[in-house]
Amino acid sequence: MTAASRSADPMTAASIAGLAPDHVRRIAPYVPGKPVEELARELGLDPAGIVKLASNENPRGPGPRVRAAIAAAVDEIARYPDGNGFALKAALAARLGVGPAQIVLGNGSNDVLELVSLAFLEPGDAAVYAQHAFAVYPLATQARGAAGIEVPARDFGHDLAAMRAAVTPRTRVVFVANPNNPTGTWHPPAEVETFVASMPADVVVVLDEAYNEYLEPADRAPSIDWVARYPNLVVTRTFSKAFGLAALRVGYGVMAAAVADILNRVRQPFNVNTLAQVAAVAALDDEDYVDESRALNRAGLAQLAAGFDALGLAHLPTQANFVLVDVGDAARVNRALLRQGVIVRPVGNYGLPTWLRVTVGLAQENARLLAALKGALAS
Ligand SMILES: *Cc1c(COP(=O)(O)O)cnc(C)c1O
C-alpha cells in the first residue's frame, strides 16, 4: 500500500481499534471494586452512609505519621519525583537487609508485576498461574501476547505440585500469590520454598506477598532471604493493603540486582510519585500502625466468621484481610447489598460465581455488612 492510498482509507474508530494485536483486543478488562461515589450517584445515596468492603483496603485510613509526611511534602509536587526513589529504597533496604539495587519501586506492586511480564515475556512464551489467582497475572501475560497456563486450584488454593508440572520449556514466568487474592488461601513457608527450589533456573518465579503484613510474624516466609539463594526469584509487596496507602500507588519488588536492572529499563522513569514515596517511608516507620491493623483484622475476621456461621453460610479459612463467603446466587445477593449501601466484591470473573469476597472493615462496618446480608438473603 502506498502512503497516499493508506491516508485515503476512510478509517473509523472501530477500524483503528482493530489495528491492535489480537492478544490485546481479547483482553477482558480488570473489574475493580465499585467506588463509593459511583454507587452514591447510581442509587441517589449519601456517600457517607455507604460501606465499602470491596478492595481489601485498610479501613482505618492513613496513620498520623503518613498524614504529616504528605503535608510536609506538598510544596514539592511541582517538581518531578526522585525517579530512583533514593530515600524509600534506603529505608526498605535497611529494613529488609538487602541492597538498594535489589529493589524495584512500582506504581503499586501491580506495576512490578507488569514490569516482570514486560521484561520477560514475548509472544510464544508462557506464564503459569493458579485458577482463582489474582486477576492481574493473566492480564499482564496476555498484554505481552504470551500464553497463560491456568493450573486448576486445589481446595481453592494453589496446587504447587501441579503448577511445577505445568512448567514447560516455553515457560518464562510463574506467578504465586501467598496469601492469594481472592481466596485468602496460604501456603506455609517450607512448601513455598520447596516450590521455588524446584523451578528451572531459567523461569522467573514471582512471589506476590501483597498481604504479608497481615500474617502473624511467625507465619511469614523468610522470602527476602531466599532472593540471595534463588536469582530467579522476585518477591513483591505493597503499601496498598496493611500500610493503608492504596490511593497513592506504591509497591516494590525485591530481587537479584541484575534482575532489578532489567526491570528498571522498562520502568517509566517517574513511576512512583513524591507523595507516595514520602508516605511510604513514614508508613514503614510506623510499626504500631501495622500491628494495630493486624489485630483489628483478626478481630474483624472472627466477627465476620461468627456472623456467617449464624447465617448458615460457608466461608473459607483466610490469612488475609478479606474472606470468601458462599451466598448461593451471588449476583442477586450482591445487588441486594448494593441497594442497602454495602459494596463487596462479586468473584464470578474468578470462576467463583456463588461466592462474595468481603474485606474486613471496622467493627461497625462488619456489623452493617452482616445485617445487610441477612436482609439480602431473606429478600
Ligand atoms: C492488591 C493486590 C496487589 C497489588 O496491589 P497494588 O495496589 O498494585 O500494590 C497485588 N497482588 C495481590 C494478590 C493483591 O491482592
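Rule-based calculations on the coordinates, nothing more; no lab input. Bear in mind that the values here come from a model prediction, so they are computed numbers and not experimental data. Note that we place each Cβ from the backbone using ideal geometry, even for glycine, and neighbour counts take in every protein chain shown.
Please report, largest first and rounded to whole Å, the three semi-axes of the ellipsoid equivalent to the stretch 262-379, where each semi-axis is the square root of five times an eigenvalue of the C-alpha gyration tensor. Display every interim value, and only then the final one.
On the way: eigenvalues 218, 75, 34 Å².
Ellipsoid half-lengths, sorted descending, are 33, 19, 13 Å.
At what distance in angstrom do the alpha carbon centres of the stretch 248-264 and the stretch 107-159 lie from each other?
Here the two parts' Cα centres lie 17 Å apart.
Using Cβ counts within 10 Å as a stand-in for footprinting exposure, how do D202, D159, D219 rank, fewest first?
Numbers: D202 9, D159 16, D219 13.
Sorted ascending by nearby Cβ count, the order is D202, D219, D159.
With r as the distance between the Cβ atoms of Y30 and L362 and R0 = 25 Å, compute the FRET efficiency 1/(1 + (r/R0)^6) and round to 0.05. All intermediate terms of the calculation are to be shown ahead of the outcome.
Numbers: r = 27 Å, r/R0 = 1.07.
E(calc), rounded to 0.05, equals 0.40.
Suppose the chain between R339 and R220 were pulled fully straight at 0.36 nm per residue; how much longer would it get relative to their current alpha carbon spacing?
Values: separation 119, 0.36 × 119 = 42.84 nm, distance 3.90 nm.
Using 0.36 nm per residue and subtracting the Cα-Cα distance, I get 38.9 nm.
So if I place +1 on the C-beta of Lys and Arg and -1 on the C-beta of Asp and Glu, and nothing else carries charge, what would the dipole magnitude of the stretch 155-262 be about its Cα centre? I want it in debye, nearest 20. All intermediate terms of the calculation are to be shown ahead of the outcome.
Working: 8 positive and 12 negative charges, 72 e Å.
Dipole magnitude for the stretch 155-262 comes out near 340 debye.
I need the shape label for the stretch 64-285. Rule: rounded when a/c is under 1.5, else prolate if a/b > b/c, else oblate, with a, b, c from the alpha carbon gyration tensor.
On the way: a/c = 1.86, a/b = 1.55, b/c = 1.20.
Prolate, since a/c reaches 1.5 and a/b exceeds b/c.
Along Cα→Cβ, 7 Å out, is where each label goes; now give me the distance between the ones at E38 and D291 in nm to one decimal.
Modelled inter-label distance: 3.8 nm.
Would you list, by chain and number, the lysines whose Cα falls below 26 Å from the Cα of K241, excluding same-chain residues fewer than 8 positions away?
K34, K52, K89
Springs between alpha-carbon pairs under 10 angstrom, Gaussian network model over the chain: which of G307, G251, G44 fluctuates most?
Sorting by GNM fluctuation, first place goes to G44.
Quick check: residue separation of E122 and A314 times 0.36 nm, minus the Cα distance between them. What number comes out in nm? Display every interim value, and only then the final one.
Working: separation 192, 0.36 × 192 = 69.12 nm, distance 4.12 nm.
Stretched fully, the E122-A314 segment lengthens by 65.0 nm.
Of the residues V98, V24, V250, which exhibits the maximal mean-square fluctuation in a Gaussian network model of the chain defined by a 10 Å Cα contact cut-off?
Checking each option, the largest mean-square fluctuation is seen for V24.
Normalised by the empirical 2.2 N^0.38 Å for globular proteins, what value does the Cα Rg of the chain take?
Values: Rg = 21.7 Å, N = 379, 2.2 N^0.38 = 21.0 Å.
Cα Rg divided by the expected 2.2 N^0.38 Å: 1.03.
Multiply the residue gap between A17 and R265 by 0.36 nm, knock off their C-alpha separation, and tell me the result in nm, one decimal place. It would help to have the intermediate numbers written out before the result.
Working: separation 248, 0.36 × 248 = 89.28 nm, distance 2.82 nm.
Additional length available on full extension: 86.5 nm.
For the chain, what is the percent of antiparallel DSSP beta bridges, rounded to the nearest 5? Walk me through the numbers before you get to the answer.
Numbers: 17 of 36 bridges.
Here the antiparallel bridges make up roughly 45 percent for the chain.
For the chain, list the DSSP H helices whose alpha carbon atoms reach 18 Å or more along the long axis and whose average Kyte-Doolittle value is -1.0 or above? Write down the numbers at each step before the final one.
Details: long enough: 287-310 (35 Å, -0.30); 363-378 (23 Å, 0.42).
Sorted by number, the helices that extend far enough and score high enough are 287-310, 363-378.
Cut-off is 10 Å between beta-carbons; in what order do R41, R298, R345 appear when sorted fewest neighbours first? Working shown, then result.
On the way: R41 11, R298 14, R345 26.
Result, fewest neighbours first: R41, R298, R345.
Determine, for Y289, Y211, the number of other Cβ atoms within 10 Å of each Cβ, and report the residues in order from fewest to most. Could you put the intermediate results ahead of the total?
Working: Y289 21, Y211 25.
In order of increasing Cβ crowding within 10 Å: Y289, Y211.
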